[in-house]
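Take a look at the structure below.
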Amino acid sequence: MKKTVVGMTMLAAAVLAPAAQAQSLGERIEIGAFGQFTRMDKAIRIDDAFGVGGRLGMSVYKWLGVEGDIQVASTKASRNPFETITYRPFRGLGTLTIPVTESKKAALVLGAGYTNQVFAGRTTANEYEDAFTGLVGLKICGSGKWGARLDGLMDYDPSPQEQQIDGTSRQLGLRAGVSYALRGACATTVPFDWSLKMDPASATVNAGSDRQFALSAVDMKARPIELRKVQNLTCSSSDPSVATVDNAGKVRAVKYGTATITCRGTVKKLERTASSTVTVPPPAWTLTLSPRSGSAEVGQTISFTAKAVDANNVDLGAITWGSANASIASVSNGTVTCNAAGTTSITASKTAYGSTKSEQASVECTVKPVARLALDQTLFDFDRAIIKKAGNDSLQVVLAALRRIPSLRISIEGHTDWYGSEAYNNKLAKSRAEAVTKQLLRLAGKDAASIKDRIMTSSFGEQCILVRDGQNEQEPPPSPRPRVPAPDRTAQSPNRRVEIWQLNGAGAPTACRSAAERNGRMSFGALQ
């Protein structure tokens, strides 16, 4: 009985010990039933036996596994007292399953292990024998969980306990049966798969050129598959405007850009795809700007032309324009408008094919000379708006120009120094401008009515200082403003003035005259 327990324990260990590993790998567990004929060694004096049995098997890793079986058969002793014996062996084996067909549905099974032979009812010796066992079998599987087994076995007992035998004994068995997979399938097969490949994975192809991509196919074992066996093999481009492709993988580059080439096909109803990236580089292109320089008077415009074309003389479209100093010259669609006197540059830019190019031209804006007359200390004393008689000759020059040129319009603009309060200076500047206007109309006599509407009057107070000399000069002046010493009053006399300007186009100015306007002035006597 002790040997029975030991044998069953070893069998259970052989079958169940790897269970955790097998289950973690998702392998197969199966059961089976069989009928077996056993040819007994004549030395142990027991008749041959035929019986039935059951089997439990489990795969461990790939083709390695373990299995155990138990058999029950009835036989008789061939010597006195010729008792009836129940032959009941337990086996535990390690197995190696070797596929013998491509589909792996037929496999050779090799096994070796331990057998605890039970001869229940034998009276002449111990009922239990320990033996080594070997197995050679053929396993045939269907498409699912069912299969069949045909096995040949040998049990080798190195020290049988039959009283009249001395040496070893060998029992030979032949069995046939069926199996059913409780987990997994009958055959541990590798499903068919395949892959399609394009070479190279990416390429740069110049516009108008062709490039042949290599197509190849392999199965799951990296064995080549002939392309003629790939059904419905087709290739397409993600952007045919960039690159086209035929079903043999020949690519033609059309224009700048990037396209993905995809080929697909079917083998054994499995569709697979392969892709490559085609980059078509941009053509060379140029940006031209003309003229390269220009000049105009303030208020006038200059036309510039810019164009971007590629190597195929394709116009690349709209140009972006900009000015380095829009306060001097602004630009829109190539038309430059001079806003103030000065020099600046305009830029024509274009972004095409992933790069940006720029061209520049210089622009000079000038001020058309205008007539100007300044009535300063010769007409006004400090803190006074009364015109001195010495200024009448200057006003007569302006009056003569108004009579000579019917279209002439003028602006009379009053100014002060910055001594005194700002409010007071604004009032004083206005009084001075109005005094000059009245004096000019008085000198005009009967012509006053015809020139009155051509005169505009404005004042700027202390905004437009020309001379900044004097010991008390600060900018802005301190508050409260100090008493003005006589030397400073003399130094500041040019600021106490009324200016008469020729008007061109717009009305009287709302800000101080620019340096460019002052530098380009002319006398009223020179007007034609």
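Could we say that Lys250 is of a type in the set (D, E, K, R), open to solvent by 70 Å² or more (accessible area, probe 1.4 Å) and in contact with a Phe, Trp or Tyr (Cβ under 8 Å, 6 or more places away or on another chain) here?
When the stated conditions are applied, Lys250 passes them.
Scan the range 211-232 and tell me whether some residue there is open to solvent by 80 Å² or more (accessible area, probe 1.4 Å) and within 30 Å of Asn312 (Cα to Cα).
Looking through the range 211-232, at least one residue is open to solvent by 80 Å² or more (accessible area, probe 1.4 Å) and within 30 Å of Asn312 (Cα to Cα).
For the subset of the range 190-205 comprising residues that are open to solvent by 50 Å² or more (accessible area, probe 1.4 Å) and in contact with a strand residue (DSSP E or B) (Cβ under 6 Å, 6 or more places away or on another chain), which member is nearest to Glu271 (Cα to Cα)?
Top of the filtered list is Ser195.
Any residue at all in the range 87-97 that is farther than 21 Å from Phe132 by Cβ and open to solvent by 20 Å² or more (accessible area, probe 1.4 Å)?
Among the residues of the range 87-97, not one is farther than 21 Å from Phe132 by Cβ and open to solvent by 20 Å² or more (accessible area, probe 1.4 Å), which makes the answer no.
Mind listing whichever residues of the range 305-331 are polar (S, T, N, Q) and farther than 11 Å from Gly342 by Cβ? It would help to see each step written out before you state the result.
At the first step, the residues of the range 305-331 found to be polar (S, T, N, Q) are 305, 312-313, 320, 323, 325, 327, 330.
Those that are polar (S, T, N, Q) and farther than 11 Å from Gly342 by Cβ: Thr305, Asn312, Asn313, Thr320, Ser323, Ser330.
Cβ-Cβ distance below 7 Å, separation of 6 or more or different chains: which pairs start in the range 284-305 with a residue that is touching a residue at least 24 places away in the same chain (Cβ under 8 Å) and end on one that is of a type in the set (Lys, Arg) and open to solvent by 80 Å² or more (accessible area, probe 1.4 Å)?
Pairs found: Thr288/Lys307; Glu297/Lys368.
Report yes if Asp246 is of a type outside the set (A, V, I, L, M), under 16 Å from Val205 (Cβ atoms) and out of contact with any helix residue (DSSP H, G or I) (no Cβ under 7 Å at 6 or more places or on another chain), otherwise no.
yes
The values are calculated or read from the model by the stated rules, or taken from the named source; none is laboratory data. None of these values were measured; they are calculated from a predicted model. Neighbour counts run over all protein chains shown; Cβ positions are idealised from the backbone, glycine included. Accessible surface areas use protein heavy atoms only, side chains included; no ligands, DNA or RNA. Shrake-Rupley method; radii C 1.70, N 1.55, O 1.52, S 1.80 Å.
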